[in-house]
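A short write-up of the structure that comes next.
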Amino acid sequence: MDKSGIFVGGVIGSLIVSLIFVTLFVSPPESIKNEIITNDNQIPNTIINTTKLYSNSLSLIEIFEKSEPGVVRVNVQRSETSDVVNGVGSGFVFDKKGHIITNAHVVKDAKKVVVTFLDGRSYNAEIIGIDEYTDMAVLKVNADLALLRPLLIGDSSNLKVGETITAIGNPFGLSGSMTSGIVSQLGRLLPSGTGYSIPDVIQTDAAINPGNSGGPLLNMRGEMVGINTAIQSATGEFTGVGFAIPSQTVAKIIPTLIEKGEYKHPWIGISGRDIDPDMAKVLELKDAVGFLVVTVIENSPASKAGLIGSEKTIQVGGVNYAIGGDIILSVDGMEVRKIADILIHLQRAKTVGDEMILEILRDNRTTNITIILQEKPNGN
């Protein structure tokens, strides 16, 4: 695989400053109880669709009082020979069956996970599903039924830039902390430790710090619309740019994680680059839109469908440009301006085994190619 290119499902580029996944690796200031209570009543979770109406907005006080009981503290031990807490993150109650949602990076390599509720009661948690590609994990606790207060899951597709939102979690181990801000942008690509980017991520200026990972991002109706996961910072502390996994992704993937312990992501198998103005000029294109295929991975869906990568490079003004590859103009009828459009469509609308129609430009002619999506391979 050509690691210098941009991978569909892969890292798009390096950030000038660091992306900090916001788990705090210090001992928590609060003690942890080891009580385990068995009560696993089968009561379905409430999942709702939000509307675009804002007349029923709650105050920040009302949102906090409504949501705080459903937000938990996640303490992680990564050593079998020590009871020292190595990481502190956040999470929230998903259903009355005891499922807790948090970030994958919070519980990665954990030997023991303890979930603490608002009233201070703590329970050992079992990790039942992890999806590193979206940085989500599902825990299971046998907690007192009265403690299981699921958050309502809203529809992140209805979010608007400028909309007020709020975050609840445990920054720096300070349990039950709330911050507020706005939606700064939607549809971001977030590079992750898997070697791929997490698509369709929410950007917010609500203060998110180490320890907030896995906690909910809430709209002004008190509905969970995202999972706080990372910050962009040169210092390791919040500087005005935070990121959250959208609830659309949660609703699509979490039920499968609960049922099967893993989620199979669709994969195309190409690398390349977005068409920028300089590339458009070199390729004699009218507009700087689309995605140039540079490399097609052997035996990938793209290879089987007959996509063609760049065969040679030319130098213009001292810069090397790959040429000769297919240019993806649209997916399933939706315009591709850049790689993010392909990744977001894969995330939102596609599963393994689905067909996807690519409109491509090849030899100055447009044509359609149908791809059968396969499971994204590990380690690529």
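Read-outs: derived from the displayed coordinates by stated rules, not from any lab. What you see is a predicted model, and the numbers here were worked out from it, not measured in a lab. Because the Cβ atoms are built from the backbone with ideal geometry, glycine has one as well, and the counts that use them run over all protein chains shown.
General remarks:
- Nitroxide proxy distance, nm - points 7 Å out along Cα→Cβ at Ala251 and Glu298: 4.3 nm
- If you sort the three axes of the alpha carbon gyration tensor as a ≥ b ≥ c, you get a/c of 1.5 or more for the stretch 114-197 and a/b no higher than b/c, which makes it oblate.
- Summing charges over all other residues whose Cβ lies under 12 Å from the Cβ of Leu373, with Lys and Arg as +1 and Asp and Glu as -1, gives 0.
- Protection proxy ranking, highest mean first, for peptides 179-187, 223-231: 223-231, 179-187, where packing is the per-residue count of other beta-carbon atoms within 10 Å, averaged.
- Charged side chains reduced to their Cβ positions (Lys and Arg at +1, Asp and Glu at -1) give the stretch 266-375 a dipole of some 120 debye around its Cα centre.
- Cα centre as origin, Lys/Arg/Asp/Glu Cβ charges: the stretch 67-114 dipole, Debye: 80 debye
- Applying a threshold of 31 Å to the alpha-carbon distances of Lys140/Lys304; Lys160/Lys252; Lys160/Lys304; Lys252/Lys281; Lys66/Lys252 flags Lys140/Lys304; Lys160/Lys304; Lys252/Lys281 as lying beyond it.
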